Amino acid sequence: MIPNTVHALKSQLFSGPPATVFAILDGASVPDLPAKLASLCPEHICLFRGDLEPDMAEVAPYLAILEKDAPFTNWVLSNGWGKHWCIFGSTPARMPDLRKHFRKFLTVYDEAGNSRYFRYYDPRVLRVCLPECSPVNLQIIFGPVSWFLMEDVDPGNGRKFQFINDMLREDRMSIG
């Protein structure tokens with residue numbers, strides 16, 4: 001990815017008031033994600049509970065804290081934008097509370113009561129889901145999150161969602 005894109009993403013992620021910037025990464029989309037987390041050492045945690053079998057650990061979602069100039073942040077922004085690797089967000093919450101919040105959405109139920117995994121951390125899912133939600137559901141989804149940022153269908157563009165005054169605000173921006 002070109003440096004201008006990384007710079008544009010960093011300006012979107014880190015330009016607001018001081019807060020924790022995070023990514024929820026989709027192990028099913030990110031090659032060797034557990035190994036990258038181990039080698040680049042961001043603060044992170046798997047959203048699935050317990051000791052996972054290696055094949056499940058490879059495809060699991062991971063919550064990671066991003067720091068502006070950290071090697072992990074640079075790696076994610078340089079390699080993952082446009083490949084539906086993750087969603088980004090900002091929060092005043094701490095990691096344990098954030099994990100608890102996001103774990104609530106891993107499973108949904110269909111009309112017949114069957115459980116299904118909900119891969120909301122895939123930007124192709126969340127950018128379609130959020131505009132369809134009621135204000136009550138948006139309040140639940142956002143919880144402690146100030147905003148979500150993700151790639152658009154055209155990775156030259158990004159979409160930022162905020163829930164303000166019981167309304168979803170969507171901003172589109174050029175990235176790079």
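Taken together, the values in this text are just the output of simple stated rules run on the coordinates, not laboratory data. All values reported here derive from a predicted model rather than from experimental measurement. Here the Cβ positions follow ideal geometry from the backbone for every residue, glycine too, while neighbour counts run over all protein chains shown.
For the range 97-116, the criterion of a residue being in a loop (DSSP other than H, G, I, E, B), exposed (fewer than 14 other Cβ atoms within 10 Å of the Cβ), touching a strand residue (DSSP E or B) at 6+ places or on another chain (Cβ under 7 Å) and charged (D, E, K, R) is satisfied by at least one position.
If only residues of the range 49-75 that are in a strand (DSSP E or B) and of a type outside the set (S, T, Y) are counted, the one that is farthest from G89 (Cα to Cα) is P61.
How about the range 1-30: which of its residues are in a loop (DSSP other than H, G, I, E, B) and closer than 19 Å to C46 by Cβ? Correct list: G27, A28, S29, V30. Within the option set S78, S90, S134, being hydroxyl-bearing (S, T, Y) and without any contact (Cβ under 8 Å) to a residue 12 or more places away in the chain holds for one residue only, S134.
Right, S78: surrounded by 14 or more Cβ atoms within 10 Å (Cβ to Cβ) and part of a strand (DSSP E or B) or not? Answer is no for this residue.
Scanning the range 108-136 for residues that are in contact with a Lys or Arg (Cβ under 7 Å, 6 or more places away or on another chain) and either closer than 23 Å to V153 by Cα or among the β-branched types (V, I, T) (or both) yields V108, V125, R127. Can you find even one residue in the range 32-45 that is touching a residue at least 24 places away in the same chain (Cβ under 8 Å), part of a loop (DSSP other than H, G, I, E, B) and of a type in the set (A, V, I, L, M)? No, the range 32-45 has no match at all.
Among the residues of this structure, Q162 counts as one that is closer than 21 Å to A19 by Cβ, part of a strand (DSSP E or B) and of a type in the set (S, T, N, Q).
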